[in-house]
Structure formats: structure tokens, C-alpha cells
1. Just one of (1) surrounded by fewer than 17 Cβ atoms within 10 Å (Cβ to Cβ); (2) assigned to a loop (DSSP other than H, G, I, E, B); (3) among the acidic types (Asp, Glu) trips up B:GLU15, so point out which.
2. Return the only residue of B:LYS133, B:LYS114 being touching a residue at least 60 places away in the same chain (Cβ under 8 Å) and out of contact with any Leu (no Cβ under 9 Å at 6 or more places or on another chain).
3. Out of A:ALA600, A:ALA605, A:ALA562, A:ALA542, I need the residue that is more than 14 Å from chain B (Cβ to nearest Cβ), modelled with pLDDT of 90 or more and open to solvent by 30 Å² or more (accessible area, probe 1.4 Å). Which one?
4. Among what's in segment A:608-621 and is within 9 Å of chain B (Cβ to nearest Cβ), open to solvent by 20 Å² or more (accessible area, probe 1.4 Å) and in contact (Cβ under 8 Å) with a residue 60 or more places away in the chain, pick the residue that is farthest from the chain's Cα centre (by Cα).
5. Kindly establish whether A:GLU647 is at pLDDT 85 or above, away from ligand 1 (no atom under 16 Å from the Cβ) and either assigned to a strand (DSSP E or B) or more than 14 Å from chain B (Cβ to nearest Cβ) (or both).
6. Of (1) crowded, with 24+ Cβ neighbours inside 10 Å; (2) free of Cβ contacts under 8 Å to residues at least 40 places away in the same chain, A:LEU401 satisfies all except one. Which?
7. Taking A:ASN502 as the residue in question, decide whether it is out of contact with any helix residue (DSSP H, G or I) (no Cβ under 7 Å at 6 or more places or on another chain) and part of a helix (DSSP H, G or I).
8. Report whether or not B:ASP53 is farther than 10 Å from B:LEU69 by Cα, without any contact (Cβ under 8 Å) to a residue 24 or more places away in the chain and open to solvent by 10 Å² or more (accessible area, probe 1.4 Å).
Amino acid sequence: MKPVVIKRDGSQVPFNALRIAEAVLKASGAARCKGVDAFAIAAEVETSLVGQEQVDIHYIQDAVEACLMKSNHIELARIYIEYRHDRDIARERKSHLNSEIDGLIEQSNASLLNENANKDGKVIPTQRDLLAGIVAKHYAKSHILPRDVVRAHEAGEIHYHDLDYAPFFPMFNCMLIDIKGMFTDGFKMGNAEIEQPKSISTATAVTAQIIAQVASHIYGGTTINGIDTILAPYVTKSFDKHLKTAQQWHIEDAHAYATQQTEIECYNAFQSLEYEVNTLHTANGQTPFVTFGFGLGSDWQSRLIQQSILKNRIAGLGKNRKTAIFPKLVFAIKDGLNHKVDDQNYDIKQLALECASKRMYPDILNYDKVVEVTGSFKTPMGCRSFLDVYYQKSGLDKGELIHDGRNNLGVVSLNLPRIALEADGNIGRFDELLNTRLLLAKKALDTRIERLSEVKASVAPILYMEGACGVRLKADDCIADIFKHGRASISLGYIGLHETVNALYGNEKHIFDCATKQQKALQIITRLKQATQEWSEQSGYAFSLYSTPSENLCDRFCRLDAKRFGVLEGVTDKGYYTNSFHLDVEKAVNPYDKLDFEMAYPPIASGGFICYGEYPNMQHNLKALEDVWDYSYTRVPYYGTNTPIDECYECSFTGEFDCTSKGFVCPSCGNSDPDKVAVTRRVCGYLGSPDARPFNEGKQEEVKRRVKHL
Amino acid sequence: MNYSKYYPIDVLNGEGTRCTLFVSGCIHNCKGCYNQSTWSPDAGELFTDQVADQIIQDLNDQRIKKQGLTLSGGDPLHPANVEQILKLIQRVKRECEGKDIWMWTGYVLSELNKKQKQIIELVDVLIDGKFVKDLADPSLAWRGSSNQVVHYLRKASVNE
Ligand code: SF4
Ligand SMILES: [Zn+2]
């Protein structure tokens with residue numbers, strides 16, 4: 001009697017020798033070896049099973065391997081084993097796929113549902129997006145990405161970010177929208193031809209629609225670089241309109257009337273825009289990650305826009321006057337314009353300080369330092385991705401320096417502590433391993449470029465045909481060229497520099513107090529930078545070094561490493577890894593010393609960076625906050641202020657809620673009902689409301705451990 | 001004089017970035033006082049010349065600029081403290097150009113004795129009065145309770 005075979009999923013089928021012969025034939029085809037009698041091998045295996053009633057599939061495969069080895073088909077045996085291995089992995093992924101989908105349906109997969117602080121996994125459109133993400137990720141791992149890249153990603157050696165979107169979909173990461181070009185040249189959205197706006201309120205309304213469209217076609221952040229100067233002409237149009245009305249109605253002081261009406265209109269326009277952005281739900285199932293850069297305009301129209309943005313933010317959203325989470329505000333400070341007391345826009349800097357003390361945003365861009373570090377002034381794409389210099393060629397001369405319409409193609413991050421752990425404290429070994437891992441990261445990044453190489457403009461009309469990317473391609477044109485020659489950036493990320501040097505040199509001395517560790521940390525980052533520079537030279541693409549924000553990664557990498565290497569003091573014991581080059585959040589230093597510590601890194605990691613300080617409530621002491629901003633002016637390009645602005649609607653406490661492992665609790669009355677509190681924290685370069693959607697465990701732990709720098 | 005704590009960089013007690021000294025010794029016994037541990041004049045450590053030197057040096061730091069010195073406690077106007085406090089303030093006025101002095105006291109301005117008044121002559125901003133728990137309001141600037149008063153004694157103070 002033939003035995004019954006028990007398959008991997010537990011089902012049972014009668015033994016069939018033909019199956020074995022087929023598998024062996026397939027393998028010998030792949031091995032290009034002739035003269036293999038597949039049927040003889042199948043028969044031999046069958047004989048070896050005589051007398052057994054039940055046999056496990058693994059046992060049969062082992063028997064086939066043994067037969068192949070015995071009959072001296074060594075190469076064939078190797079291929080067969082490999083083939084079997086691949087099948088095992090595919091099968092494992094498939095069951096993983098199923099369990100992920102199950103988790104979504106049953107709403108039981110906390111890490112999936114909370115993965116992105118900006119997505120509400122409870123609502124249907126988001127669930128559709130999450131489902132698409134699960135499948136896209138599965139498909140990319142199984143069919144698009146090279147096997148070693150997938151393995152390294154799954155093992156947590158590298159992280160291929162945003163796998164739920166790209167490379168399955170030909171999407172890129174983040175960008176600076178060319179609003180100016182779109183407005184001046186007109187564009188189509190859906191069925192509507194949009195012409196140049198005739199007032200500031202129309203301009204902001206159209207801007208909101210553009211943001212919604214763009215954010216549905218990319219997976220990272222959407223930035224408007226200099227919204228004050230871009231929209232200033234539409235303030236003029238509003239003013240002219242109001243002036244005309246005043247004259248028509250013979251209003252005595254027509255100019256004063258028009259000024260006042262324009263101020264009101266502009267304020268309301270930016271209020272609607274803020275509401276719009278916070279209520280938008282893109283096709284990606286999330287509120288879009290939007291950033292507004294502003295501050296450099298000096299004409300009255302730009303000033304009015306700057307004031308409108310800040311005053312709206314200070315006023316708060318809705319009846320509870322909640323802190324708006326989006327758009328992220330980034331205010332540019334420039335010596336001679338708004339930096340010093342005598343500068344013409346100094347009053348707006350004061351407003352920005354007030355806003356930061358009450359609403360955390362704006363973060364600031366120190367003009368001169370941004371130029372020094374990144375070659376020219378620009379707002380970051382998303383929360384921290386910076387473009388390098390690029391000249392749009394026109395004829396023979398060097399061309400025009402442009403920023404708007406450019407983008408980032410995506411990120412792959414290195415798990416630096418892992419390399420240190422694998423090297424077991426051996427510096428030479430670390431350097432070697434780092435080099436191998438860099439090659440792998442490069443290979444992974446190349447797949448992003450590859451994926452976009454033959455894509456037609458029609459996949460995202462808003463980006464490629466209607467001007468958001470600063471170009472007007474035809475539907476069938478290939479988009480590849482607009483990413484070349486440094487026009488787009490593509491980024492190598494990294495995480496956990498702090499834990500890396502601890503793993504290499506032990507935990508006795510803190511990096512803040514240890515020259516050796518500091519030196520090594522800088523050397524590591526310099527090595528990464530050098531790699532990106534080499535890649536850029538070889539490929540013509542602008543590879544950049546990016547300090548990964550890592551909302552999930554800080555948790556994931558650490559968890560994987562703790563599992564493999566154990567809980568190691570100063571490395572895996574906290575449950576999270578430290579963000580990029582940042583000083584570990586537990587180190588109690590003043591913000592000045594923290595700036596001095598971190599200022600060395602942005603010039604090296606010039607493709608992405610931000611520095612923060614943790615402050616107590618500064619609402620009564622803007623001068624002290626300004627002292628630190630001013631100190632940062634000549635030291636770091638990009639600085640954010642974290643201050644306690646939580647609110648309890650139960651007892652009207654404002655300040656800092658206690659961050660416990662269970663959630664956020666009002667220190668004055670113990671309230672933790674998400675509907676009756678507003679908790680605002682910096683998550684990953686953006687703000688988040690962790691009361692509404694909890695952080696992952698690692699992030700919660702990190703937030704819990706943050707110490708004040710004053 | 002003893003002091004219970006010295007902060008070389010402080011932003012919570014007075015305007016701008018400051019050096020803040022919490023001295024020991026207070027007789028006011030306010031209910032709900034945050035600094036009970038500072039009541040005894042023997043609390044904390046002895047205020048030595050070295051500590052004074054350190055304060056002067058921190059005030060004159062060119063890297064992290066300070067607006068001035070804050071004296072709190074305890075009570076800097078406690079009879080056991082006035083002598084040393086006067087000496088310290090005089091030194092600051094002499095050696096640290098342009099730095100202002102903020103002071104918190106549980107006494108009320110109008111009731112100060114001669115010695116205490118001599119100190120106040122050199123103080124730019126004085127917040128006076130006991131802390132009254134029933135009048136406590138965390139949203140007040142520089143004051144714990146609404147009975148207290150912020151006296152900007154010298155309008156000519158830096159930046160004002
Ligand atoms: S005066 Fe100040 S230190 Fe003294 S008891 Fe009152 S609150 Fe406490
Ligand atoms: Zn409460």
C-alpha cells in the first residue's frame with residue numbers, strides 16, 4: 001500500500017511518485033544537467049518508503065536529497081535544495097500574507113493598525129489602503145525585489161521603507177510642489193480646467209485641492225516651499241478687488257477699507273486651508289503629511305500671509321481650540337530680514353516664537369546655515385528631507401537654480417547597531433561589515449530607480465502632466481528623466497548612532513562625555529556620506545545621506561536585535577533605538593550643549609536632518625526661547641522646539657501629561673479619556689496626537705524617557 | 001548664609017535666560033509651599049566665595065548669554081541672608097555689566113525694613129507676598145498666587 005503524505009498545511013494526500021520526478025526534472029532543468037533519471041530517483045524514494053503508513057513531506061524531500069547525493073548529482077542536489085528553500089519561503093510568506101489580512105479583518109494586529117500615527121486603521125478607506133499595502137508589500141517581496149535585499153530587510157539589517165507603496169506602485173517619496181508654475185500656467189484637475197486664481201481665498205482653496213491630489217500620488221510628505229511669497233500676488237489681487245469695491249461705493253478711505261478687507265480675507269483663507277488640510281483624507285487613507293515653509297517674503301503681502309498662518313495656528317482648531325497637527329509649519333529666519341531687533345520682519349519672528357511656545361510649530365530654518373550645509377535655501381520635503389543644488393539647464397549657460405517641482409525617490413535605512421553587534425566590538429570587523437551592508441543598501445536603492453525607469457506620465461497626471469513636478473509631460477512620455485542629474489534625490493538612511501558606539505565601546509562613558517565615541521560616530525557618518533557621494537558619481541543620481549526619523553524603525557530594529565543578541569545594556573535594553581545622530585533622549589543637558597553636540601552632523605548628513613530641544617512651558621518667557629533660537633542660528637540649519645502643550649478638557653489643566661506605558665494621563669485629575677484630552681507630541685519630525693492613536697511600544701518608551709533640556 | 005540649589009541656566013524664574021540661586025531660610029510658612037525643604041536656614045550648603053565666583057562667571061559667560069541673576073528661596077530677604085545677599089548683588093552690579101536682578105520674597109514691599117530696602121535699591125524686578133493656596137493660579141506669569149505682585153522697580157532695566 002502507498003503511504004499517505006502529510007503536507008505542510010496538515011492536509012493529507014496519497015503518495016505520488018510522479019510528483020517527485022517532476023520536481024527533480026525541474027531542478028535538473030535549472031541546473032542544466034543532463035543524464036539524470038528522474039524516474040529512477042523517484043522509484044528509489046518510493047522503495048525507501050515501503051512499509052510506512054504516513055510520511056511527512058519533509059521526510060520525502062530529505063530522501064530525494066539523499067538519493068541525489070548518493071548518485072553523485074551534487075550540483076543537482078544543491079539546486080533542488082535551493083528550489084525547495086524558495087518554495088518554503090514563498091509558502092511561509094503566503095501564510096504570513098493570510099495572517100496579516102486576518103489581523104486587519106479582526107482588527108487585532110496592533111502594529112499594523114498603529115504603524116503610522118497619521119492613519120486611523122478603524123475606518124474603511126484606511127482599511128482598504130492597509131489591505132492594498134499588505135498585498136503590495138507581499139508582491140514586492142515575492143516578485144520584484146532581489147532575494148538578498150528581501151532577506152536583509154526581513155532580518156532587520158536594512159529597512160526598505162514604505163514597502164506597502166513602492167516598489168509595487170511606481171511612486172516616489174516626498175516633494176516640493178511647484179505651485180507657482182501650476183498657478184501661472186494653469187492646469188487640469190479631474191475634469192476641470194483651473195486657471196489662475198483671482199483672490200487669496202481662491203488661491204488657498206485651489207492649493208488645498210492640489211495638496212489632496214498630490215498627496216494621493218506620493219507616499220511621503222508634500223511641501224510648499226515659501227508659501228508666503230508664492231501666494232503673495234493673490235493678496236494683491238484681493239486688495240485690488242476690495243479697492244475697486246470701495247471706489248464703486250464711494251467709501252471715503254478706500255485704501256484703509258481695502259487693507260482691512262484684505263487682512264480679513266487673508267486670515268480666513270488660511271484658516272480654511274488649515275481646516276481643509278486637517279480634514280483631508282487622501283487616497284492613501286490618511287491625512288496628508290503637509291509642510292508649509294514661509295518667512296522670507298518682505299513685501300506687505302507676504303508679511304500678511306506669514307501673520308495669517310501664525311495667528312491661525314495660535315488661535316487653534318475648532319471649539320476646543322486644539323493644536324493643529326497639520327500642516328507642519330517651518331519658519332525661515334534670516335539675518336537682515338527677521339533675525340535681529342532692528343530687522344524689518346522682527347515682529348514676525350516674535351509671533352513665530354509665541355506660536356512655537358503655544359503650538360510647538362513652527363520649527364525654524366536658519367537661512368545662512370541651510371545655505372552653508374545644503375548649498376542653497378529650501379524648505380525640507382516632508383519633515384526633514386533636503387534637496388541639494390540643481391540647475392535647470394537652459395541653452396548653453398549654467399541654467400537656473402530650481403527647487404520647486406523636485407522630489408525624493410525614497411529611502412533605505414541601515415540598522416547601524418546591528419552591524420556593531422555582529423562585529424562584537426571589533427572595530428575593524430565593524431568597518432568591513434559596514435561596507436558590505438552599504439553595497440546591499442545601494443542594491444536596494446537601485447530597485448527604486450529601476451522601478452520608475454519605464455513609467456509613463458499618465459500614472460500620475462497631477463505630478464507629471466499638470467505641473468506639480470515642474471514639468472508638463474505628455475501622457476505617454478517616460479518620467480525617468482526628471483529624476484536624473486541630481487534633480488531628484490534618493491536617500492540612504494541610518495538609525496541608532498548612539499547605540500552603535502555603545503555596542504562598540506561599551507556603556508561606561510556616555511558619548512556626550514567621550515571623545516573616542518564622538519570621533520567614531522562622526523567617522524561612521526562620514527563613511528556613509530562618502531558612499532552616497534561615490535554612488536552619485538557613478539550613477540548620475542543624487543544619492544544623499546538622510547537621518548531617518550524612524551517612528552516604527554526605532555522599535556522594530558531594536559526588537560529584532562534584542563531577540564537575536566539579547567538585552568544588552570546601553571544597546572537593546574531600552575526597547576527603542578535613538579533617532580539618527582541625536583543625543584540620547586535621557587541625557588540631561590541644556591539645549592545649548594545639545595546643539596553643540598549635534599551641530600557636527602547636519603553638514604555630513606545633508607540629505608536629511610533636524611535638531612530638537614525639550615523645553616518646559618515657555619509661554620511667559622519668549623525671550624529665553626529666542627535666546628536658544630538665536631544660538632542655533634550659527635550652528636544648525638533646522639531646529640524644533642518641543643514644549644508641553646497638553647490640555648485636559650475635564651479639569652482645564654494645560655501643561656504636560658504624564659506619559660505612562662499605558663498611555664497619557666492628566667497629572668492634575670487623572671483623566672485619560674481620549675475624547676477629553678488633547679495630547680501633542682513630536683513623533684517623527686511631525687507632531688502627533690498620541691491620545692487618539694497610540695504610539696508603538698518603542699516610541700512610547702522613548703517619549704516616556706525624554707528629559708527636559710532646561 | 002546657606003543655599004539649597006543653584007541653576008547656572010534657568011528659564012523658569014524671570015525673564016530671559018538666567019542664573020538662579022535658591023537660598024535657604026524662610027519664616028513665612030505658606031501652606032502649599034513648593035520649597036519646604038528650604039525653610040531652615042541650615043538647609044542645603046554653605047554659600048561660599050567660590051559659589052559667588054561661579055555665579056559671576058556664569059553671568060558673564062559669552063557663549064550662553066544671561067539676562068541676569070534670580071534670587072529666590074527660601075527667602076533672600078530672611079534676616080540671616082540679607083548681609084550676604086547684599087554683598088552678592090553689589091558684586092553683580094560691579095562685575096557684570098548690564099545684568100538685571102530678579103527677586104522673589106515672602107515679605108511685602110511696603111513692610112520691608114531698612115536693611116532689606118537697601119537690597120531692593122539694587123533689584124530690578126521684585127515679586128513679593130506670601131503664596132496663598134486659595135489664590136493659586138498656574139497660568140499667572142512669574143506669580144504663584146494672585147495676591148503676589150510683580151514690581152518692575154527699575155524701568156531702565158535691560159531690554160525693557
Ligand atoms: S515665602 Fe516662598 S519659600 Fe517661604 S514659605 Fe512661602 S512659598 Fe515657601
Ligand atoms: Zn485633568
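The values are calculated or read from the model by the stated rules, or taken from the named source; none is laboratory data. Keep in mind that this is a model prediction, so the values were computed, not measured. Glycine gets a Cβ as well: all are built from the backbone with ideal geometry, and neighbour counts include every protein chain shown. Note: areas computed on protein heavy atoms with side chains; ligands, DNA, RNA excluded. Shrake-Rupley method; radii C 1.70, N 1.55, O 1.52, S 1.80 Å.
1. (1)
2. Answer to the check: B:LYS133.
3. So the residue among A:ALA600, A:ALA605, A:ALA562, A:ALA542 that is more than 14 Å from chain B (Cβ to nearest Cβ), modelled with pLDDT of 90 or more and open to solvent by 30 Å² or more (accessible area, probe 1.4 Å) is A:ALA600.
4. Only one residue tops the list, namely A:GLN619.
5. It is true that A:GLU647 is at pLDDT 85 or above, away from ligand 1 (no atom under 16 Å from the Cβ) and either assigned to a strand (DSSP E or B) or more than 14 Å from chain B (Cβ to nearest Cβ) (or both).
6. (1)
7. Spelling it out, A:ASN502 is indeed out of contact with any helix residue (DSSP H, G or I) (no Cβ under 7 Å at 6 or more places or on another chain) and part of a helix (DSSP H, G or I).
8. Working: farther than 10 Å from B:LEU69 by Cα: yes; without any contact (Cβ under 8 Å) to a residue 24 or more places away in the chain: yes; open to solvent by 10 Å² or more (accessible area, probe 1.4 Å): yes.
Yes: the conditions hold for B:ASP53.
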